Amino acid sequence: MLMIPESEDVRVALGRAIRRARIRRGNMSQAELADAVPMSVSYLSQVEGGSRAVGPKYLGGIANALGCRPSELFADAVACDPGNPRLEVLVKMSRLLEEIQESSAVLGATART
């Protein structure tokens, strides 16, 4: 499981990325996204504002509800805070984790046939 650092710069950039993705998704409201995850609107608002860190479980739910992958949210966070090495590492780690999960699913499906 990918643990997201508690540093303020990461929280703020990731929160901005989530907000931008939500608005790009047909101007989805916080309430609509919170219902889709599910999570409270208050928590989502704090995540988008950068005052609360988002955990891996909720990040996956947010990404799924927005029709993207967590790595895409991290990549957008890099655009909000270019040159932040912590964010660049998170993008690489989340992409690697996604590749491992996809490979495991393929191997599992092959083993069942």
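None of the figures in this text is laboratory data; all of them are computed from the coordinates on show. Everything quoted here is computed from the prediction, not taken from an experiment. FYI the Cβ positions are ideal-geometry reconstructions off the backbone, even for glycines, and counts take in every protein chain you see.
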key: Estimated Rh, the chain: Kirkwood, alpha-carbon pairs, angstrom   = 14.4
note = Per 5 angstrom bin, beginning at 0 and ending with the bin that holds the maximum distance, the Cα pairs of region 49-113 fall in percents of 3, 16, 19, 25, 16, 9, 6, 3, 2, 0
ask   = So, by mean Cβ neighbours within 10 angstrom, what's the order for 62-74, 93-105, 44-56 with the highest one leading?
value = 62-74, 44-56, 93-105
query = Along the charge dipole of the chain, Cβ charges K/R +1 and D/E -1, which of Val41, Gly26, Ala105 sits furthest on the positive end?
reply = Gly26
query = What list of ³J(HN,Hα) values in whole Hz, one per residue of region 15-27 in order, does the Karplus curve 6.51 cos²θ - 1.76 cosθ + 1.60 (θ = phi - 60°) give from phi, with Gly and Pro shown as x?
reply = x, 5, 5, 5, 4, 4, 5, 5, 5, 4, 7, x, 6
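Taking the Cα centre of the chain as origin, sum charge times position over the Cβ atoms of Lys and Arg (+1) and Asp and Glu (-1), and report the length of that vector in debye to the nearest 20.
160
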key: Alpha carbon centroid spacing (whole Å) that separates region 60-103 from region 5-38   = 13
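Return the FRET efficiency for the residue pair Ser45, Lys92: r is the Cβ-Cβ distance, R0 is 30 Å, and the value is rounded to the nearest 0.05.
After rounding to 0.05, the efficiency reads 0.55.
Quickly estimate the mean residue ellipticity at 222 nm for the chain, helices only: each DSSP H run with n ≥ 4 gives -39500 (n - 2.57), and the total goes over all residues, rounded to 500.
Computed mean residue ellipticity for the chain: -23500 deg cm²/dmol.
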